[in-house]
1. Remind me, relative contact order of the chain in percent, using alpha carbon pairs under 8 angstrom and six or more residues apart?
2. By how many nm would the segment from Ala58 to Arg76 grow when fully extended, if each residue of separation counts as 0.36 nm and the alpha-carbon distance is taken off?
3. At what distance in nm do the modelled label points of Ser111 and Arg32 sit from each other, each positioned 7 Å from its Cα along Cα→Cβ?
4. So if the hydrodynamic radius of the stretch 3-83 is defined as the Kirkwood radius over C-alpha pairs, what does Stokes-Einstein give as its diffusion coefficient at 10 °C and 1.306 mPa s, in µm² per second?
5. For the chain, modelled as a Gaussian network with Cα springs under 10 Å, which listed residue fluctuates most, Leu97, Leu27, Leu107?
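Just so it is clear, none of the values below were taken in a lab; they were calculated from the coordinates. What you see is a predicted model, and the numbers here were worked out from it, not measured in a lab. In this analysis, Cβ positions are derived from the backbone assuming ideal geometry, glycine residues included, and neighbour counts consider all displayed protein chains.
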Amino acid sequence: MDREQLERCHEALIKLKQELSEEIASLEQSARPVQLDQQAVGRVSRGDAMQQQSMALANLEQCRQRMQEVMHAEQRFSEAEYGYCEHCDSVISLPRLLARPESRFCLSCQSAVERTQ
């Protein structure tokens, strides 16, 4: 991978980190404990509020996990190891890195990881 391609991937990584930071902040607001409007009566309102909170918590966890992957990718970038599969050391394809800049594995190794989970 040449310098220009690496820079494109790094820009995508920075953009993703910013997007995730904003999404995490928003989800933290949505995941706060349910406080119902006293005017709204009924179990449906409470149930809806609790379901929304539960979904926000699940999404928040996913975003935090992805943020950890982004931070790991940034570390690899600073160590000049970014863009190489952590399992087989082959180069991760540019389209994959542009689509998922936090990718740790090439497609073959990622498929193997997913099969074992």
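1. Reported as a whole number, the value is 30 percent.
2. 3.7 nm
3. Distance between the two pseudo-spin positions: 4.7 nm.
4. 107 µm²/s
5. Answer for the Gaussian network model of the chain: Leu107.
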